[in-house]
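First comes the structure, then the notes that go with it.
The values are calculated or read from the model by the stated rules, or taken from the named source; none is laboratory data. Keep in mind it's a predicted model, so treat the numbers as computed, not measured. Here the Cβ positions follow ideal geometry from the backbone for every residue, glycine too, while neighbour counts run over all protein chains shown.
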Amino acid sequence: MTLESTLPNQEQIPEAPTEPPPAPGGAPLVGHAWNLLRDPLGFLTSLRDGGDVVRIRLGPRTAYAVNSPELVERLLRSPDFLVGGALWDTLGVLLGQGVATSNGPRHRRQRRTLQPAFRPDRIAEYGVLMAEEAQRTADGLRDGRTVDIAGEMFRTATRTAARSLLCVEALDERAERLCTALGTVFDGMYRRMILSVGPFYRLPLPANRRFERALADLHRLVDEIIDERRGATASGSNPDDLLTTLLQARDENGELVPEQEAHDQVIALLVAGGENVAKTLAWTLQLLAEHPEHERRLYEEVESVTGGRPVAFGDLKKLAYMRNLITESMRIRPAAWIFTRVAAVDTELGGYRIPAGTDIFYSPYAMQRDPRSFEDALDFDPDRWLPERRTAAAQTAHQPFGTGNRKCPGDHYSMTELALTLGTLVTKWRFVRVPETDSTPRLGITLQPRKAVLRVEARKP
Ligand code: HEM
């Protein structure tokens, strides 16, 4: 017997799955946390040069970054990975056990409860409220004034979510409170996500106290909304809305879900509904101010469809350029710049061994600006989404609402609101940059322009 014949046939040996390569630049103790804090987007973007999956260290935690669109799709569709990891663990402080942070049967049940509220016939009904709220915002602006676009859009989106999904009217003072509280909470959460040194955040420092106060205010606000509804229901009023559905939801055993769960669901909707839509609108208005030629085209398209009357839900299917422009804005300036998961079992991704419990993440920001998926990736070019130019690679790399069983239930709702709000605003106003405008991205739990201020100018016919 020769030595060769005792060796197994090389082709039959399954390739030994290994750990992904480490990202360069980690420091003792903090690992890559410093790189992530100093230049988060630059660091995440640099990771894609290290391969389809790379390993990073954030203080005591190790995490794997997934950089290829195909592997991200597998990550999001595979039952081996659950919602968890730094982003969702941090957001859990705010979102509790609502749909965005739960897993397994509870998640499926919570999804089923939400789904009817996002049916196409409901979206058409919400369209009326969305157009009203957009008009109200447009009517509140003043010619020549410089406005805080991010704040303005947050108030609009929060009022819209509250009115459409929760039938909560008169949110003015509360929208302001929500806006302030959420801003503080999101800032604090970002620090907790990047550097998870738990005991530090329990010290009685001013920043920690501000965070706790803001979080308590948010929860109080939602309690008020729920108490008011319970009061109204007790006196015979029972609106057919998502809040009623959430308060009357039953678990797998037919028992009413605990009040805390309904509370967490309301927070998830207000946060997701307000924050992502508002940031997308703020970015889109910034992009329009930076690219007057696209702003002009958008205005002309809206005018040609509406003839000057207010934009309505029925107009949206004719606004093809608007759709491409919003898609492109979400590609180049995504509000959600990072998503995390955790491996539920020992598994494999891209040929690498992933032990159960591993934190995994991917960055839509880095992926959606990757020249391997997009020609002239850093150019703002809404026409890249025209049917004749759209490529399969681009579509896989840009899925603004995610995919798989956690895909955003608010996708059509959001596209409707974004289009109605933009259409209404550009019909009446132009948004112009001023010296203070700073559209470099400011990182928090979501991505927003550093100084989202623009001057409003009445549109001259
Ligand atoms: C431009 C606006 C929006 C964007 C870009 C967006 C994006 C996303 C993405 C990417 C996910 C998946 C997260 C993951 O895979 O981990 C998600 C989940 C979610 N979104 Fe949205 N979203 C938007 C607006 C909304 C709105 C308006 C609502 C509700 C009113 C909403 C409710 C949710 C909820 C409840 C989840 C969790 C779903 C689950 O885990 O099953 N989103 N969103």
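A compact table of results
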read-out	value
Test: residue in the stretch 231-240 that is modelled with pLDDT under 85 and in contact with a Leu (Cβ under 8 Å, 6 or more places away or on another chain)	yes
Test: residue in the stretch 129-151 that is hydroxyl-bearing (Ser, Thr, Tyr) and within 14 Å of the ligand (Cβ to nearest atom)	no
Filter result for the condition that a residue is surrounded by 19 or more Cβ atoms within 10 Å (Cβ to Cβ), away from the ligand (no atom under 16 Å from the Cβ) and of a type outside the set (Gly, Ala, Ser), over 325, 298	298
Top-ranked residue in the stretch 232-285 [being over 30 Å from residue 327 (Cα atoms) and among the charged types (D, E, K, R); ranked as farthest from the ligand (Cβ to nearest atom)]	255
Odd one out for residue 75, checked against (1) surrounded by fewer than 20 Cβ atoms within 10 Å (Cβ to Cβ); (2) within 11 Å of the ligand (Cβ to nearest atom)	(1)
Condition met for residue 87 (surrounded by 14 or more Cβ atoms within 10 Å (Cβ to Cβ) and at pLDDT 75 or above)	no
Identity of the residue in the stretch 431-448, at pLDDT 95 or above and within 17 Å of residue 329 (Cβ to Cβ), that ends up surrounded by the fewest Cβ atoms within 10 Å (Cβ to Cβ)	433
Within the stretch 103-196, helices (runs of 4 or more DSSP H) holding 1 or more residues that are under 24 Å from residue 311 (Cβ atoms)	120-140, 149-166, 172-194
Filter result for the condition that a residue is away from the ligand (no atom under 16 Å from the Cβ) and farther than 18 Å from residue 48 by Cα, over 401, 374, 431	431
Which numbered condition residue 69 fails, given (1) more than 15 Å from residue 339 (Cα to Cα); (2) within 23 Å of the chain's Cα centre (by Cα); (3) crowded, with 21+ Cβ neighbours inside 10 Å	(1)
Condition check for residue 118: surrounded by fewer than 19 Cβ atoms within 10 Å (Cβ to Cβ), under 20 Å from residue 408 (Cβ atoms) and not aliphatic (A, V, I, L, M)	yes
